[in-house]
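The structure appears below as structure tokens.
Quick note: the coordinates plus some simple rules give every number you see, no bench work behind them. Just so it is clear, the model here is predicted, and its values are computed rather than measured. Quick reminder, even Gly has a Cβ in these numbers, built from the backbone with ideal geometry, and neighbours come from all protein chains shown.
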There are 2 protein chains.
Amino acid sequence: MKANPTAHDVARLAGVSQSAVSRAFTAGASVAPATRERILAAARELGYRPNAIARTLITRRSRIVGLVMSYLENQFYPLVIERLSQALQRNGYHVLLFICETAEADAVLADILQYQVDGIVMASTTLSSGLAQDCAEAGIPVVLFNRVAQLGTLGGFATSSVTSQNREGGRLVGEMLVRTGHRRVAWLAGLENASTSLDREAGLRDALAEAGMGLHARAVGRYDFAVAREAVLALFRDPADRPDALFAANDHMAIAALETLRSELGLSVPQDVSVVGFDNVPQAAWPSFALTTVQQDVDRMVEATRDLLFEQIHGEVMARSVTVPCALVERGTVQTRKRER
Amino acid sequence: MKANPTAHDVARLAGVSQSAVSRAFTAGASVAPATRERILAAARELGYRPNAIARTLITRRSRIVGLVMSYLENQFYPLVIERLSQALQRNGYHVLLFICETAEADAVLADILQYQVDGIVMASTTLSSGLAQDCAEAGIPVVLFNRVAQLGTLGGFATSSVTSQNREGGRLVGEMLVRTGHRRVAWLAGLENASTSLDREAGLRDALAEAGMGLHARAVGRYDFAVAREAVLALFRDPADRPDALFAANDHMAIAALETLRSELGLSVPQDVSVVGFDNVPQAAWPSFALTTVQQDVDRMVEATRDLLFEQIHGEVMARSVTVPCALVERGTVQTRKRER
DNA sequence: CTGAAAGCGCTTACAG
DNA sequence: CTGAAAGCGCTTACAG
């Protein structure tokens, strides 16, 4: 038994041409049923498996999509990996995974392109205008996941993206906070130039403005646990000027805030401060946190990503941005405040 | 500018043969420095990138390793993905990711093999003896991560594996629990046939036996949050016969236990029960949990996996099992008990 | 150091 | 329905 039998070996055993073997393994090719049976039997006997690499070379379709991510500690992203790779697998595609900092993204992308991926999805990273252009010229669709191209940043090359309706989500939280009587709302930003953080903040500000309010305070947590902790410490340094609500750009930072508030500042949530997050990661539902948050609909986002990818792979070349509704999930970290008057 | 320039296009522009272009892009090939420069300049001008697929076809080396996982909710695995893919990237390898249930692993593996991966690492899944045989015959190294082949299960085909010293880890916990005066130790198992769960339990039992004790109770949490919750409810149903310590096969279940104990059973940890986990995931350090646990040294495990993979890819074909030390991390969920006498 | 040629394992017109 | 042939984009002996 040969180590790696090829279509030729199978052909010889089945007494047909190598082309026939190829046809037996391609759906919809014209082979007589009896011939196909004979070929498949021979293939089974030899342990033959078509070589996907050779097929890729000739069809120019690898059925591989590159997935670029930067950090997995925020539980939202493992979820995305899981769902996205399953959705792609169901459609006969595979994911080549790259973990890298945004700074390394360009080098990594160059690498990906060598592997002739059919598409690229970038989550928790963005690409430079140069690479966007390269991809566009190479005809490789790129979809940004949970982020949107900065205006002008991609050098005019339209790039698809899938996001939640982040501004609406931020507004939902703002309205709820106003409705429940909060007067000193603080915002814990993610990355200063991340569209998710920017849009959620804009929505929050919209809602506050409609109630004649502004942001009481603001700090930057960089979507990082330790940085968020520092930011919270700074925000609550002055006991006389304490926020009565803290809205964090994602759950990961909201949980960091919860921990810091309780265990380091001795404050009670929601009695002393209300806390709200964004994402609805699994931990948000744990009783220790019972975090009020905005749910991102991962399944719909993943579906949209897959659809966008496929419609571009299969020729309709226009880039599109899709936006998925999100919903407020009220749990236990927000308390109605009496209006001081 | 051509969409996807090939080595021929570059050759034409640089006025050399296609072979020379190939040499300019392979480290250590013999090209005159001046020629190489001219070729690289031409390549840059055309935006040429060598086609990794074509290279793979001829070198029979894809520089891709398949990573098979089943679930990512347990934060330990995202960590593994992150570290492993980075370690591999640093060595010029890439990871093709597959998420699947153990039941589907065979079909998925067949798929992976078509892509001519250079190696496979299986974390949170195992493979059947049939596939193990296929991989052995195809000369594709497989390393099991955080699990060990069941005796006899792989049909005599030796498979490499990387695990912590799970039995020692279990023993460490058992000894500590005995030393701190616990008399009614319960074990929350993961999967009944998982080597990790089995070994950790065996270590625990060793330590208890040396103190003349046995397990007070035992339940199965299947490494799942919801199942672990049910198991804890069952374990603590009878107030008169309550465990004074609960050792869970991993942190994910230990946290589920903590949440259930506190919020559903109204018990205090560690005052009413001590709780210990295994892994030392990031959340274990969060103040809300301050979980005492056994640390798995992910970095050393990842290193060992990479080394095992590479030594087998590069010809030394013996499968080996490597075992990495683990250490007790004492935080706040274990309390010293007075001996009732 | 360099080029011409063979070939990796397939798919796919093109004839028959 | 089937086979012979060309070719996908490279690497790598083999000569020179």
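Here the simple spin-label model places points 7 Å from the Cα toward Cβ, and for A:S17 and B:D272 these points are separated by 7.8 nm. With the simple spin-label model, which puts each label point 7 Å out from Cα in the Cβ direction, the A:R320 to A:T26 separation comes to 3.0 nm. Within 10 Å of the Cβ of each residue in B:51-58, the mean number of Cβ atoms contributed by other protein chains is 6. Amide H contacts of A:G332 (H built 1.01 Å from N, in plane; Pro and chain starts excluded): A:L291, A:T292 sit under 5 Å, all sequence-distant by 5 or more or on other chains. For the protein assembly as shown, the square roots of the Cα gyration tensor eigenvalues, ordered a ≥ b ≥ c, give a/c of at least 1.5 with a/b no greater than b/c, which places it in the oblate category.
Modelled this way, with points 7 Å down the Cα-to-C-beta line, the labels at A:A202 and A:A290 are 3.5 nm from one another. Adding -39500 (n - 2.57) for every DSSP H run of four residues or longer, then dividing by how many residues the protein assembly as shown holds, sets the calculated 222 nm ellipticity at -12500 deg cm²/dmol.
Apply the a/c threshold of 1.5 to the C-alpha gyration tensor of region B:166-296 and tell me whether it is rounded, prolate or oblate. Rounded, because the longest to shortest axis ratio a/c is under 1.5.
Within 10 Å of each Cβ in A:91-97, how many Cβ atoms from other chains are there, averaged over the peptide?
5
Taken over region B:7-47, the ratio of Cα radius of gyration to 2.2 N^0.38 Å equals 0.97. Taking every DSSP beta bridge that has both ends in chain B, the antiparallel portion is near 10%. Compactness ratio for chain B: Cα radius of gyration over 2.2 N^0.38 Å (N = residue count) comes to 1.27.
Cα centroids of region A:59-127 and region B:285-341: 29 Å apart.
With neighbours defined as other Cβ atoms within 10 Å of a residue's Cβ, the residues A:I39, A:I255, B:I81 order from fewest to most as B:I81, A:I39, A:I255. For the residues B:G212, B:G169, B:G277, a GNM of chain B with alpha-carbon springs under 10 Å puts the largest fluctuation on B:G212.
In this structure, A:D299 and B:D238 have a Cβ-Cβ separation that, at R0 = 51 Å, corresponds to a calculated FRET efficiency of about 0.80.
Under 5 Å between amide hydrogens, built in the peptide plane, is the criterion, and for A:A194 it picks out nothing among residues at least 5 positions away or on other chains. With neighbours defined as other Cβ atoms within 10 Å of a residue's Cβ, the residues A:V148, B:V276 order from fewest to most as A:V148, B:V276.
GNM on chain A, alpha-carbon springs under 10 angstrom: the most fluctuating residue among A:G66, A:G315, A:G15 is A:G15. For the residues B:A136, B:A186, B:A245, a GNM of chain B with alpha-carbon springs under 10 Å puts the largest fluctuation on B:A136. Centroid-to-centroid, using Cα positions, region A:42-58 and region B:1-48 are 32 Å apart.
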